[in-house]
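Below is one structure, written out as structure tokens; comments come after it.
The values are calculated or read from the model by the stated rules, or taken from the named source; none is laboratory data. Quantities reported herein were computed from a predicted structural model and do not represent experimental measurements. Cβ sites come from the backbone with ideal geometry, for glycine too, and all protein chains shown count toward neighbours.
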């Protein structure tokens, strides 16, 4: 609209500036018709739509860029995370099921414990039957042990009495009398050693006199005594 108004004003000014005063009156009908013709060539709807399209395109382009800058979703990464979460969920689901399968049947366990329960009355009676103490027998055994204790006590006393009767001085003197004469024993050993030396010398002489049967056999062969 501004463009049209500006063109009309320009045409009017140029007409007044160059036309003679006699011919200054414009033909407004013709001028109006020309403006209509020019105006009819402009498709304002199309022009408006183009402006809208340009503005919308810029808006969506900017919006798209902002969304990219703000952190567009990485669907591959998101898909991988979901897969890992699903795997973990399956693992825990399986583990939960295994725990359910392993769950203890407490009713059954309680019943088994009842079945295994000890009948203490019966056990007590069995112990009475198996182990009733015969106090008479026990008393007799204790008396016998006491008699043995008295016997050993008496024997110990007798030994003390006998020990007190021993004359240790006399016993010591007897041991002195029985004492070994080491000088005499040493002399006997020397004599035995001399005898041992004699027999050792005699044995050596016998070895020296020993017949060399191999040599004697060879001599007899040489003399022809032994057949070859």
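Residue 99 falls short of the stated requirement of being assigned to a helix (DSSP H, G or I) and surrounded by 10 or more Cβ atoms within 10 Å (Cβ to Cβ). With respect to the conditions (1) at pLDDT below 80; (2) surrounded by 10 or more Cβ atoms within 10 Å (Cβ to Cβ); (3) assigned to a helix (DSSP H, G or I), residue 26 falls short on a single one, namely (3). Kindly establish whether residue 85 is surrounded by 10 or more Cβ atoms within 10 Å (Cβ to Cβ) and modelled with pLDDT of 80 or more. Answer is yes for this residue.
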